[in-house]
Structure formats: structure tokens, C-alpha cells
């Protein structure tokens, strides 16, 4: 009895550590955003939307990301907790919505992490064709578990360098691309410098303006992951300084990286050929004749995949742990290790990631498709919840006599900004509904959301004491 009491007292003394610095938060957010959506998916976007259409789509998606980031920035500075928008939604929208978005977001990232293990294993076969994919997948499972099980500061450093490799690769690509566009670096084929020929040679929108709307969901999906910044707020040193700086830096740099990279790709690679066989980044290096271009980009894409998996595993683990603290997930997941890491929540998340990995082989046409549909929609639903939570927080704050000057960081243009964010996100569902190939994802996605709401009202409404968390002080 006394031993159990001592263990309980010791556990209460262990908390998440505020060990992440501003540079960690910045790179962690970049790690969630810059991934295969840019390195692989951008080619398909250019091919379907056309060169100018792709640039326009990325600009619109980047603006939407800005709206989300400033809304989340205000909430995260005022309430720097690891539950992030799940905690914010619980407090200001309602416990049912907090329960729903927590489980949807957790399942989405856990599913995505499982896919990253498969993708990473497939990339390794380029160098080791005789080694089975699952060997590499198992190795990366152990590596990412080890990184996430380390102290928070060590995790932040690992992700800092993961993301740094991606950023360096993109900057190098942009420099090479600009030199090619203006003829400073010749094409290996001897063709003249492309200049703006590929951008506007076949009209601004060769597949029509409707094609631009059709690729919007894909482009927005590439930007999702920026909200990890809010999840990391609970382990951030001086969140009132780190979070606003991260908002500014992430939005500015992601827009530059994405938009400049897309402009360079669209100018060099004809839109009819983009993304049909390989990464458009590899296509550009091959066109220039840079030795070992495919191997170089294979390494960069592998790093990008592991970085996204690392960030996603961190975010989903913290969300699950935060829900366990308020009774929205099993209480048994709440203990922390001596390093202040929720190892049980991490282990459960990784187990689900492995299950999603296996369903891609044994139930590809059934359960796996459902998981992918929910995962694809969850990011947009999360952005809507973030904007709505900020709208309701500001309303409640002003109603209770709070002064705007007392907010250490506040989103501009209230209430237009959050309402605009919600409207733009909802319009994406309209685009999905109009596309017959993507329409089933709406059914499965909203079906899972309804299931989460139903589970809350059937289970948690009968319990006493499952309340919205109190507002933390900064």
C-alpha cells in the first residue's frame, strides 16, 4: 500500500518538460509540412492543374495555412498545453468536439506514420534491392521509437537536423533551378534556356480553371502538419516568445520554399511530363545532368519521410496523452517516464501505426481505404476546429472583460479572419463532393466523425467529472 502511494506521489512529480527552444518549434513545424507532398505530390499537381494553376493553388493553400497558424498562435500563447487544439476545442467549443477532434487527429497521424514506414522501406530498395521492405520498415520503427522515447530536448535536436536536410535540399534546388531557367547552367540535352516558355506557352490554365479547384484538396493536404506547433507549445520554453516567432517564420519560409520550388519546377519541366514517372525534383536534376541526382533525391525524400513520421509520432502521442489526463482516453496512458515522456501513449500509437501498415497489405480495399479517407479529411477538419476555437475564445475573453492589449499574441482582423478560414476549409469539402473519385472519402470521413460524437454521448455523458480542462496560466 505504501509502495503504491510512493509510486503515485513520484509520478505526480514528473511532468512534461519545457525543453523545446524557438528553433526546435520552427523546425518541428517545418518537419510536419515539408514532406512527400512537395517532393512527390507537386508533380501531379502541376500535371493536372497546369503550371500557373499549380502556383495559384499553392498560394491559396499557403494563405489558408497562414489563417490557421495565427489562430493557433493566439490560442497556444494563451494556453500552452500539449493537448493544443484538442484542449482548446474542449474548453471553448465543447467536450464532445474536443473528444472527436482528438481521436480523429490521433488516428490520422498514427495511420500516416504507418504509411511512412512502408514508403521509407520502399526507398531503401533502390540501394539494397535484395533486402525485403519490411526489414527496413522494422528498422525505422525502432529508430523513430528511440528518438521519441528520448528526453524532449534530444527529440527536438533530432528533428531539427532532419528538417535541416530538407531545407538545405530545397534551397539548393531553387538555386540550381534559377540558373537553369536563365541559361547560366545549361540543360544536358542542349535545349535553350526555358525562361517562361513552359509557364505560359500552353495558356495559363491548359486543363481549365476547374482543374485548379480539383487539385486544391491535394495541395492543402501538403500544408497540413503546421498545427504541430501548437502541440509542442506544452513543452516550449517561453511560449509567449517562441510561438509568435514560429508563426512568422514558418508561414514565411514555407510559402517561399513551396511557391519558389513550384515556380522553378513549372518553368523547367513541361507540365505534360511532370510527375508521371518520378519525382519532379529528380527530373530537373536529370535534365541538368547532375551525377547521382536520383540517389541524392532518394536520400532527401527518405529524410523527409522520416521527418514527417517523427513529427507525426510526437504529435499523436502528445494528443493521446493529453486526452488520457482528462478521461477522454484510458487513464492508464497518462504516466510519464523519468525523462518526462509518455511512453505508454507512444507505444499504443506506434502499435496502431503498425496495424495500419499491415492493413495496407491484408485489407487494402476495405479497412485501409477507410483509414486513408479519415486521414485525408482530418487535417481540414482540424483547421476548422482551430479557427472555431479561436473565434469562441476571443468572444468569451472579451465578454468576460478581457482587454486585447493584455493578449501576448493575437490574430488580426477578428472576426473576419477565423470566419474566412472556416469558410475556405468548408469549400474544400464542396470540391471533394464534386469529384466522383474523391467523394467516398467524404462518406467515410464524416461517418467516423459522427461515430466519435456518438461514442462521446453514449460513454462520457454518463460519467461525472469529465469536464473541460481549466485555463492554464502562462
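The values are calculated or read from the model by the stated rules, or taken from the named source; none is laboratory data. Keep in mind the model is a prediction, meaning the values are calculated, not measured. Cβ sites come from the backbone with ideal geometry, for glycine too, and all protein chains shown count toward neighbours.
Structural remarks
- When residue 204 is tested against (1) within 20 Å of residue 166 (Cα to Cα); (2) surrounded by fewer than 19 Cβ atoms within 10 Å (Cβ to Cβ); (3) over 21 Å from the mean Cα position of the chain (by Cα); (4) touching a residue at least 24 places away in the same chain (Cβ under 8 Å), exactly one condition is not met: (1).
Conditions tested, residue by residue: (1) part of a helix (DSSP H, G or I); (2) in contact with a helix residue (DSSP H, G or I) (Cβ under 6 Å, 6 or more places away or on another chain).
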{"site": "147", "(1), (2)": "yes, yes"}
{"site": "153", "(1), (2)": "yes, no"}
{"site": "157", "(1), (2)": "yes, no"}
{"site": "160", "(1), (2)": "yes, yes"}
{"site": "168", "(1), (2)": "yes, no"}
{"site": "171", "(1), (2)": "yes, no"}
{"site": "177", "(1), (2)": "yes, yes"}
{"site": "183", "(1), (2)": "no, no"}
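- Restricting attention to the stretch 43-55, the residues being part of a helix (DSSP H, G or I) and either out of contact with any helix residue (DSSP H, G or I) (no Cβ under 6 Å at 6 or more places or on another chain) or closer than 22 Å to residue 244 by Cβ (or both) number 3.
- Residue count for the stretch 393-410 under the criterion of being within 24 Å of the chain's Cα centre (by Cα) and modelled with pLDDT of 95 or more: the result is 1.
For (1) modelled with pLDDT under 80; (2) within 18 Å of the chain's Cα centre (by Cα); (3) farther than 17 Å from residue 248 by Cα, each residue gets a yes or a no:
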{"position": "4", "(1), (2), (3)": "yes, no, yes"}
{"position": "30", "(1), (2), (3)": "yes, yes, no"}
{"position": "40", "(1), (2), (3)": "yes, yes, yes"}
{"position": "55", "(1), (2), (3)": "no, no, yes"}
{"position": "69", "(1), (2), (3)": "no, yes, no"}
{"position": "88", "(1), (2), (3)": "no, no, yes"}
{"position": "108", "(1), (2), (3)": "no, yes, yes"}
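- The set of residues in the stretch 328-368 being assigned to a loop (DSSP other than H, G, I, E, B) and either modelled with pLDDT of 90 or more or closer than 19 Å to residue 235 by Cβ (or both) consists of 328, 329, 330, 334, 335, 336, 337, 338, 339, 340, 341, 342.
- Per the listing 230, 234, 225, the residue uniquely in a loop (DSSP other than H, G, I, E, B) and either crowded, with 19+ Cβ neighbours inside 10 Å or touching a helix residue (DSSP H, G or I) at 6+ places or on another chain (Cβ under 7 Å) (or both) is 225.
- The set of residues in the stretch 117-145 that are in contact (Cβ under 8 Å) with a residue 60 or more places away in the chain, under 25 Å from residue 317 (Cα atoms) and in contact with a helix residue (DSSP H, G or I) (Cβ under 7 Å, 6 or more places away or on another chain) comprises 117, 118, 119, 120, 137, 140, 141, 144, 145.
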